[in-house]
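Laboratory data are not the source of any read-out in this text; all were calculated from the coordinates shown. In this text the structure is predicted, and so the values were computed from the model without any measurement. Every residue, glycine among them, receives a Cβ derived from its backbone with ideal geometry; neighbour counts consider all protein chains shown.
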Amino acid sequence: MKQGSYIKVELSMSAAKANVYALFFIIPILLLYVPAYILVWPEQFSFSNLRDVVAAHRTWLLISPAIMLGVFVVGAVVHEMLHGFTWAIFCKHGLKSIKYGVYWSMLTPYCHCQEVLPLRAYILGGIMPGLVMGLLPALAGLLMGKILIFLFGLFFSIAAGGDLLVLWMLRHQKKEDLVQDHPDKIGCYVLVKE
């Protein structure tokens, strides 16, 4: 499709296909993060230490699934807000150009930018949740030996797998290309100069 002096190219895929392709990002994240933590903090995984942790925190371990669900729900919303707030910085109409919602059939919140953005701005908004909620907390947990912070970062790095997939689809684009978030599918439109 042509728009002005640009050619509009769709880069998108179905949710089912995206879930399969996201594994290509999730598996390396697991293979990188988990062994690193175990190598730096092996004493945390000794049988006696694990037994002591279970004994000391028995009640907490019983309610931890509810806490984890709460962290997941709130974290999913914050993840989408980070996309939106970052993209809004580059939008002519700011937050008015950002649409939030929930795909109720999948119980998944989403963020959609309604303006065309420069490639770098789109990439920055795409990577922000994985960086702020994933990589940085995982590194902090690794450096401090705080497994809960590490696991938080690991979980939200994995949750950013779909974002990494969209960014991967953009890997061959030129810096002067423009990007428009896809309103219905996982992906975007790229506006390439003729």
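Quick look at the numbers
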read-out	value
Stretchable slack from residue 168 to residue 27, in nm (0.36 nm times residue separation minus alpha-carbon distance)	49.2 nm
Summed residue charge, Cβ within 11 Å of residue 129's Cβ, Lys/Arg positive, Asp/Glu negative	-2
Test item: Cα-centred dipole of the chain, Lys/Arg +1 and Asp/Glu -1 on Cβ, debye	220
Region 1-86 - charge dipole about Cα centre, Lys and Arg +1 at Cβ, Asp and Glu -1, debye rounded to 20	260
Mean Kyte hydropathy of -1.0 or more with a Cα span along the axis of at least 24 Å, helices from DSSP in the chain	15-40, 58-90
Cβ-based exposure ranking for 177, 163, 184, in which fewest neighbours within 10 Å come first	184, 177, 163
Spatial separation of Cα centroids for region 1-55 and region 140-194, in angstrom	11
Highest-MSF residue in the chain out of 167, 143, 82 [GNM, Cα springs under 10 Å]	143
Relative contact order (%) - criterion: Cα under 8 Å, at least six apart; region: the chain	32
Mean Cβ count within 10 Å, highest first, over the residues of peptides 49-61, 106-118, 22-34	106-118, 22-34, 49-61
Dipole of the chain [Lys/Arg +1, Asp/Glu -1 at C-beta], most positive-end residue of 91, 157, 62	91
Lys pairs under 25 Å by Cα in the chain, provided they are eight or more residues apart or on distinct chains	26
